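Take a look at the structure below.
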Protein chains: 2
Amino acid sequence: MHILIIGAAGMVGRKLTNKLVEEGAADQLTLVDVVTPEAPKGFKGKVAAEAADLAVAGVAEKIVAARPDVIVHLAAIVSGEAEADFDRGYRINLDATRALYEAIRQEGLKSPYKPRLVFTSSIAVFGAPFPDKIGDDYFTTPLTSYGTQKAIGELLLADYSRRGFFDGIGIRLPTVCVRPGKPNKAASGFFSNILREPLAGQEAILPVGEDVRHWHASPRAAVAFLRHAMTMDLTPLGARRNLSMPGLSATVGEQIEALRRIAGEKAVRLIRREPDPVIMKIVSGWPRDFDTKRAAALGFKAESTFDEIIRIHIEDELGGKIG
Amino acid sequence: MHILIIGAAGMVGRKLTNKLVEEGAADQLTLVDVVTPEAPKGFKGKVAAEAADLAVAGVAEKIVAARPDVIVHLAAIVSGEAEADFDRGYRINLDATRALYEAIRQEGLKSPYKPRLVFTSSIAVFGAPFPDKIGDDYFTTPLTSYGTQKAIGELLLADYSRRGFFDGIGIRLPTVCVRPGKPNKAASGFFSNILREPLAGQEAILPVGEDVRHWHASPRAAVAFLRHAMTMDLTPLGARRNLSMPGLSATVGEQIEALRRIAGEKAVRLIRREPDPVIMKIVSGWPRDFDTKRAAALGFKAESTFDEIIRIHIEDELGGKIG
C-alpha cells in the first residue's frame, strides 16, 4: 500500500508515520510538508520525503500523480495564526485543501483513480452557544476563520466523495492533550502546558479558571483515529462523511487533580494562575462536551480518564519517568 | 440608498427590483446579471443595468467599487445544472460568491466600507435522512453540489461578517411556488408546473407520488424575506448569520386539492401522472418540513395554506383571472 501523508512533519504526522512503519502497514510512503519531513527509521519500503506548498498551482497535481492508495491530509495553519493572518489561513486551510481534492479528481479523469482520503478536521467547526453535549447532527457555526476553513473542507470532502472522486472521511479531532514539544500558536496550548511543563519540572501558566470544561484526546488516540479511518469500511457513513471523534470531557480542575494524583503536589505547585481575558473569551466559544454515538459505533475509541491521558504522555514522551 | 442586485435578471431578482421601485426604497439601483437586466419602469433614481460574470477576475472589484449600501446576491447556477456541470457549478456558485465577498473586503481595506450583504441560500443545504421537522440547529449535509456550494457560501458569509468585512445575512429560501414562466433546470420544477400549467389551461406532468411532502413559499413571500433582510437589525443574529425561512409544508396531494378548490376538477384533470424514478430519487433527499423559530421571531412570514399560494399566483401573474 502506498500512503501519502500531507503535513507529515507535524506532531501528529510524525507519530502517524511511526505507527505505520511499526505496523508494517505500507510498502511505500510519501511524506510531504512545508519543511522536508524526516524519513522514518527502520522503514524497509520505498520512501519519499519532500517539501511542498499545495497552495502553489501545479504542486498538488504533481504529488497526486504517483497515485497513492491512501492520502492523509493533516496540513493546516493553526487557529491562532489563521485568525491573525486572514489571507494565509484561507490560502493554506481552504485553497490548498481544495487544490488537493481537485488534483485527485483530475487524476481520476485521466484514468480511474479513487483513493481513500482522510481529512483532519477539528471541533473548531462548532461555535457557542452549545447544548450540554454536542450531538452528531448539531450544526457547524464556527467562531474562527480556522473553524470556517475546516467546515468548508468537510463540505467539499462530502461532495467529492458523493460524486465518486475519492473515498473520503473527515475526522474532527478533539484538542490533543498532552501535546508534546513546545507551545505552538494555538490558543488551546495551556491545556497541555499545565501538565507537560510541571511533569518536566517546569513552570506553566494557566490563563483561565479551573471550571473551564473542554474536550480532549491523547496524541496516541488521535493517531489511532486516523489509522482506523485509513482502512475502515466507509459504507456505513453514507453521504455523511464527517465525524466528531470520541474524547474526554474534563475541566481544568479535573486535569489538575489528575496531575496531583500522578505527580504530586510539587508538580501542581508549578502551575501559575495568570488570567488572560483574551484567551478566556476565545475558550468560552469552544465545545465542552460531545455525544459521539456515530464514531463510537464505527469503532473509534478515546481515553476515559485524565490519569490515563497523563500516563500516555509519560510513557510515550518521557520514557516512563517523571522529570 | 444605493442597492446592488446581483442576479437581477432572474425571476426573484426582477420581482425584488419592482418591489424596491414601488416602495421608493432606493435612490440608486445597480442591476447585474450574466445577461443585461431590464431597467425597471417608473424608477426616478439613478440606475445602472449591466451584464457581468463575477467569476472573472477583477469583475467583482469593479462592481463593488461604487460602494453600494446594500448588496443582494441572488446569482446562481440552479441545482440540476450544478449537478450536471461540476466545474461550472463551483465556478459560479462558489468562486463568484467568494470573489464578491473578497472584493468587499478589499474595498474596505482601502477605506472603511461595510455594506449589508444578503445572500440567497437554499434548503438544499440539508440532506436526508431528516427528523420530522428540521430545526434551526440541524446540520447541513447537502446531497447535491449546489447544496454544498450554498452551504460554503453560508460559512464564508458568517466568517466575513464576524470579521467585520460586511454585515451579512443568509436567507435559505424554501422552494418557490408557484414559479411563473417556463420550467428551468431545477428538478423541483414540477411543484410549480402542476399548478401553473393547469391554471393556464395547459397539461402538466407529475413525476412523483401524491404523498411527496415539501417546503414551499410564494415568490411574493421570497421577495418579502429578502426585502426584510435588507434593512432589519442583524444584532440578534449574533454569529449565526444563516436562517431557514418560514414556509408551508404540504404534500403534492394537498397542492392538488387546493387547485381543485380554486380552479375545479377541469384543472386537476390536466395533471398527467408520469412517474420518473430519477426525479423521485432526487426529491426523496429533500427536506419536507421545518421548525423555523428563529426566522419567525425575527419577523419573517410565509403563507399558511396552498390556496393562498395559488391565489397569489393568480393575482400577481394572471391579472386575477384563471385561463
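Rule-based calculations on the coordinates, nothing more; no lab input. If you're wondering where the values come from, they're calculated on a predicted model, not measured in any experiment. Cβ placement follows ideal geometry from the backbone for every residue including glycine, while neighbour counts extend to all protein chains displayed.
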- Message: Under a Cβ-only charge scheme (Lys and Arg +1, Asp and Glu -1), can you give me the dipole magnitude of the range B:3-119 about the Cα centre, in debye to the nearest 20?
- Response: 460 debye
- Message: Can you find, among A:Phe306, A:Trp215, A:Ile256, the residue sitting farthest towards the positive end of the charge dipole of the range A:204-323, where Lys and Arg contribute +1 and Asp and Glu -1 at Cβ?
- Response: A:Trp215
- Along the Cα-to-Cβ line of B:Leu318, 7 Å from the Cα, sits a label point; which residues in the range B:265-297 have backbone N less than 15 Å from it? B:265-271
- Query: Can you give the convex hull volume of the alpha carbon atoms of the range A:119-164 per residue, in Å³?
  - Reply: 71 Å³
- Task: Over every pair of different alpha-carbon atoms in the range A:198-323, take the mean of 1/r and invert it; report that Kirkwood radius in Å.
- Result: 16.3 Å
- With a sphere of radius 9 Å drawn around the Cβ of B:Ala52, what net charge do the other residues whose Cβ falls strictly inside it have (Lys, Arg +1; Asp, Glu -1)? -2
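With 20 Å as the cut-off, how large is the P(r) tail for the range B:70-140, expressed as percent of Cα-Cα pairs?
48 percent
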- Note on the structure: With R₀ set to 30 angstrom, the calculated FRET efficiency between the beta-carbons of B:Glu265 and B:Lys182, to the nearest 0.05, is 0.70
- Task: May I ask you to derive the FRET efficiency for B:Lys133 and B:Arg163 from their Cβ-Cβ distance with R0 = 41 Å, giving the value to the nearest 0.05?
- Result: 0.80
- Message: Name the residue from B:Phe165, A:Phe190, A:Trp286 whose Cα lies farthest towards the positive end of the charge dipole of the protein assembly as shown, charges +1 on Cβ of Lys and Arg and -1 on Cβ of Asp and Glu.
- Response: B:Phe165
- Query: Across the Cα atoms of the range B:195-254, what radius of gyration and what greatest pairwise Cα-Cα distance (Dmax) are found, in Å?
  - Reply: 16.5, 48
- Task: Sort the range A:1-123 into rounded, prolate or oblate with this rule: let a ≥ b ≥ c be the square roots of the eigenvalues of the Cα gyration tensor; rounded if a/c is under 1.5, and if a/c is not under 1.5, prolate when a/b is larger than b/c, oblate otherwise.
- Result: oblate
- Task: Please work out the Cα center distance from the range A:246-323 to the range A:125-139, rounded to the nearest Å.
- Result: 20 Å
- Anything over 32 Å Cα to Cα? Flag those among A:Lys19/A:Lys62; B:Lys41/B:Lys182; A:Lys293/B:Lys114; A:Lys150/A:Lys281, in the order listed. A:Lys293/B:Lys114
- Note on the structure: Projected onto their principal axes, the Cα atoms of the range A:266-323 stretch, largest extent first, over whole-Å spans of 40, 36, 15
- Message: If I model a spin label as a point 7 Å beyond the Cα along the Cα-Cβ vector, how far apart are those points for B:Val278 and B:Lys41 in nm?
- Response: 3.9 nm
- Note on the structure: Taking chain A and counting helices only, DSSP H stretches of n ≥ 4 at -39,500 (n - 2.57) each over all residues, the nearest-500 ellipticity at 222 nm comes to -12000 deg cm²/dmol
- Positive-end residue of A:Gly80, A:Phe139, A:Ile205, charge dipole of chain A with Cβ unit charges: A:Phe139
- Only Lys, Arg, Asp and Glu count, each charged at its Cβ (+1, +1, -1, -1), so figure out the dipole size of the range A:202-323 about its Cα centre, rounded to 20 debye. 280 debye
- Note on the structure: Magnitude of the Cβ-charge dipole (Lys and Arg +1, Asp and Glu -1) of the protein assembly as shown about the Cα centre, nearest 20 debye, reported as 180 debye
- Query: How far is it, in nm, from the label point at A:Glu22 to the one at B:Lys293 when both lie 7 Å from their Cα along the line to the Cβ?
  - Reply: 4.7 nm
- For chain B, state what percent of all Cα-Cα pairs lands in each successive 20 Å bin, counting from 0 Å until the bin that includes the largest distance. 33, 59, 9, 0
- Cα-based Rg of the protein assembly as shown normalised by 2.2 N^0.38 Å, two decimals: 1.04
